[in-house]
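Have a look at the structure below, then the notes.
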Amino acid sequence: MELSKHYDPAITESKWYAHWIKSCYFNSVPDQRPPFTVVIPPPNVTGVLHMGHTLNETVQDILVRRARMSGFNACWVPGTDHASIATEARVVAMLKEQGIDKRDLSRENFLKYAFEWKEKYGNIIYDQIARLGCSVDWNRVTFTMDDHYYKAVIKVFVDLFKKKMIYRGARMIHWDPAALTALSDEEVEYRDVEGILYYIKYPVVGSADYVLIATQRPETIMGDTAVCVHPDDPKYRGIHGKQVIVPLVNRKVPIITDTYIDMNFGTGALKVTPAHDINDYNLGLKHGLPVINTLNEDGTLSPAAEIFVGMDRFEARTKVVEKLREAGLLEKEETYTTRLGYSQRSHAVVEPRISTQWFVKMKPLAGPALESVLSGKIRIHPGDKFLATYKYWLENVRDWCISRQLWWGQRIPAWYDSSGNFVVAENESLALEAFQDQYGILAMGEELTQDEDVLDTWFSSWLWPMEVFRGISNPGNPQLNYYYPASVLVTGQDIIFFWVTRMIMAGLEFKHEIPFPDVYFTGMVRDKQGRKMSKSLGNSPDLLQLIDKYGADAVRFGIMISAPAGNDLLFDEGGLEQGRNFNNKLWNALKLVLMWQEKQSPAHFIAEKTEANSEAGSFAIRWFENRFNQAKQEINKMLTEFKLSEALKSIYSLIWDDFCSWYLEWVKPGYEQPVNPVFYEKTVVFFEDLLQWLHPFMPFVTEEMYHLLRERKTGDDLCIRQFSAEMPFDNKLLDTGEKLRLFLTVGREFRQQQQLKNSEPISRLIIPQELFGADESLFAIIRKQLNCTSIEFNDKIPGGGAIQSVPFLSFQIGFESSQRLDNSKRKEELEKELDYYNGFLESLNRKLSNERFVQNAKPEVVDLEKKKRSDTEEKIAAIRLSLKG
């Protein structure tokens, strides 16, 4: 079978994915095998996957495929999240383009449009997941608004309310004036921005004096209800208990004192606006101050502001400053850097707002979640980077605002009468029963009305590891006990609080068991400007276009090769190009081996010649078998420690360098020579095993080549081929192989320096006997690789004539050629090397003579520097010996 010049992913990828699906390799049902469960972090149905998702999905697929090939019953559950704020904003924008205002629709009609949006974009996401090669169980697709999932969320809300862990009350919350909804603390992103500090005069009543106050938000002064100073501040002792006039609205407010004030910060005086700042709100509660809310829900000024009513807050800021300047009440302006909170979803500047909302008490849930990590029941990878963050958040967690003023999501199961009395129940009929028990029978003709708000998206997704197996909606489901807890959670570090900690809380609260023993945090994929790639910024390339251009395997390779555990990475298409080159390197190796298949001719070999201990191939096979066994142990250890990028690099080097560059060259037959069938079979076995180890990272190209290597029986697919047990390896043999590779490298460099053509032999090679002993298989490789006619053993290199002496390790080796060797050029090269190593030795001596370095550095670091010095001294001695020759 003649193969194409280059590997073509477009031909193979759809073919093999369809084959895997048809063969039901990704489907999982409980059986006697140990389960390996992974639940996909459900992407939002607001668009397409970005490169952060690509990294996350690739990591999960690597772990799942490896588990499937290691005897586990692998179950990877796919799904999507309804993303209440983001999706509703997209649907509202879509309707606006069609000339439809959400306010003109009923709730039911709006939800019809939202579900149409979900079907469109949810299917795009699933297509991307499949194109990437993800081995998910498509029979288990879950959406957080599925009927069973909706039921589970409501059930949990009612349960926590009965336990008095959910409550309703008026509190200062974060308000998104663009999405017109409350936010939790974790949904606010803080950024450092350049701002202006306005110094405003507040006249003291009955005096010509004034209190100077610095504020970054002059548009809120209409809501001021006090000015506060420190009781011990000498600047303000004379005005304690007096009043000031709030500029522009001429409201008289008291001057209060409180030790909360930092008298050394700013002017030492603070305007107190309880409706628009959490700290001011707390001061207001303490001192019994009124609350004047000067902002509407959409960020415009309310009638309570008295001036500029209906104007946007930032436009009003400009107008207020103009008025203050005209009135002579603005003393000065200063630029400064401040931190502003932005809505994670709408990116609008968040406003503090007093609002009646639903909250979850977090302290009772935080304790067990913290203990589970500190005790080691749940391991975080990389732990040194994220453990402290996890611990700090849980120790300082605040109650979670879970109500959202939206229509898209699970509707809060609270039911009200016309007087504001309410009950919580799973449905209307149960609510009516509860209401009658608690408040008595409703008045004639009156009905209960359900809460208009929906629940925070994360209040549904914290149930994900359980409810994908119907663990909440159907707690008797036997699948839950088989698949739960999940084996590992792979997710981005940016949702450690949104999702990870809350899943741990939910698992411990509702299943009394951790949801997963390991959490692997991927780094953030960033663009060349260092910005996180996301749908909202639009800075992520289109995944399907990348797959069309490079192939899915190359995309997976490119994203993984530069993704060290937990560290951010800058996305560069160069990595994808490297992945495509790797595909072609494998393809060329396959073509070479298949070409050998046709050259097999057992008649050319007598029995002893086909033994695996003959000629060059003998050592090559023994060396690579041991090198492969060594690599397997190293790679397994890396994968166990979630060092996936490092594991891929090791496999890449094993294939590209050890197998293609060295092993295949060592066993390759000469021109027009037949192939030893024993060597050929062993090479095919090595190739199959290499493809198997690469398969979790690059599934399509490996499956294709596995089937091209030889004819397969039905069901003999790489996707489900089981890994063999680890085998020991011979370190002494590996050391010999490494020495041989270094020797051949020196020999090739010598040929290149002397400009010897491949057809021009080295007529005589002189080496010390102790360098390689008497292993003829090594010398067979040396003769073939260096085109060497004769090898002689001699501890000393004869001087004069056409023999050239070259240092190697602590030895000298000699080369002689029928071509005239350019000794002057070689001498020049050696003198350059000598200058370099003399300079390097001088720097090492300076470092080791520095007492501070020797005393403070770790012993192993000092020992390494001493070893470098010793090796350098040996190298210098060898070069000097060559120059004498």
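The values are calculated or read from the model by the stated rules, or taken from the named source; none is laboratory data. It should be emphasised that the depicted structure is a prediction, and the values quoted were computed from it without experimental measurement. Every residue, glycine among them, receives a Cβ derived from its backbone with ideal geometry; neighbour counts consider all protein chains shown. Areas reflect the complete protein model, heavy atoms only, side chains present, ligands, DNA and RNA absent. Shrake-Rupley method; radii C 1.70, N 1.55, O 1.52, S 1.80 Å.
The table below gives the values:
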{"read-out": "Built amide H within the under 5 Å cut-off of PHE808, gap 5+", "value": "ILE813"}
{"read-out": "Which of HIS381, ASN293, PRO485, positive extreme of dipole for the chain (C-beta unit charges)", "value": "HIS381"}
{"read-out": "Carbon and sulfur %, accessible surface of the chain computed with the full protein complex present, 1.4 Å", "value": "50"}
{"read-out": "Top positive-direction residue, dipole computed over the stretch 12-74 with Cβ charges, set THR54, SER70, THR12", "value": "SER70"}
{"read-out": "Top positive-direction residue, dipole computed over the chain with Cβ charges, set GLN804, TRP693, PRO728", "value": "GLN804"}
{"read-out": "Cα-Cα over 31 Å, subset of LYS391/LYS511; LYS235/LYS363; LYS549/LYS682; LYS585/LYS784; LYS632/LYS784", "value": "LYS235/LYS363; LYS549/LYS682"}
{"read-out": "Rg/Rh ratio calculated on Cα atoms of the chain (Kirkwood radius)", "value": "1.09"}
{"read-out": "Cα-centred dipole magnitude for the stretch 333-414, charges only on beta-carbon of K, R (+1) and D, E (-1), debye, nearest 20", "value": "440"}
{"read-out": "Ranked order, MET444, MET698 - accessible area, probe 1.4 Å, largest first", "value": "MET444, MET698"}
{"read-out": "Proximal aspartates and glutamates to LYS102, defined as alpha-carbon separation beneath 13 angstrom and excluding residues fewer than eight positions away on the same chain", "value": "GLU88"}
{"read-out": "Estimated dipole of the stretch 358-497 in Debye, rounded to 20 [Cβ of Lys and Arg +1, of Asp and Glu -1, Cα centre]", "value": "980"}
{"read-out": "The stretch 636-728: GluC sites (Glu not before Pro) in DSSP loop, at most 15 other beta carbons within 10 Å", "value": "GLU641, GLU672, GLU711, GLU726"}
{"read-out": "Karplus (6.51, -1.76, 1.60) ³J(HN,Hα), θ = phi - 60°, over the stretch 434-440, in Hz, Gly and Pro reported as x", "value": "5, 5, 5, 5, 8, 10, x"}
{"read-out": "In the stretch 657-752, the trypsin sites (Lys or Arg not before Pro) that fall in loop regions by DSSP, at most 13 other Cβ within 10 Å", "value": "ARG710, ARG712, LYS713"}
{"read-out": "Per-residue HN-Hα couplings for the stretch 373-382 [Karplus 6.51, -1.76, 1.60; θ = phi - 60°; Hz; x = Gly/Pro]", "value": "8, 5, 7, x, 5, 10, 9, 9, 10, x"}
{"read-out": "Structure-based [θ]222 nm, the chain - -39500 (n - 2.57) summed over DSSP H runs of at least 4, per residue, nearest 500", "value": "-13500 deg cm²/dmol"}
{"read-out": "Solvent-accessible area per residue, Å², over the chain with all protein chains present [probe radius 1.4 Å]", "value": "45"}
{"read-out": "Coil-residue chymotrypsin sites (Phe, Trp or Tyr not before Pro) of the stretch 683-782, DSSP, other Cβ within 10 Å capped at 15", "value": "PHE723"}
{"read-out": "Length-normalised contact order of the stretch 113-251 in % [C-alpha pairs under 8 Å, at least 6 apart]", "value": "14"}
{"read-out": "Check: the chain dipole with +1 on Lys, Arg Cβ and -1 on Asp, Glu Cβ, in debye", "value": "1280"}
{"read-out": "Qualifying lysines (Cα of each under 21 Å from Cα of LYS242; at least 8 residues distant if same chain)", "value": "LYS201, LYS252, LYS271, LYS286"}
{"read-out": "Sequence-distant residues sharing a close amide H with ASN296 (under 5 Å, placed H)", "value": "LEU301, SER302"}
{"read-out": "Cut-off under 5 Å, modelled amide H: who pairs with VAL675 long-range", "value": "GLN600, SER601"}
{"read-out": "Reachable lysines from LYS385, criterion Cα separation under 22 angstrom, eight or more residues apart if same chain", "value": "LYS377, LYS532, LYS637, LYS643"}
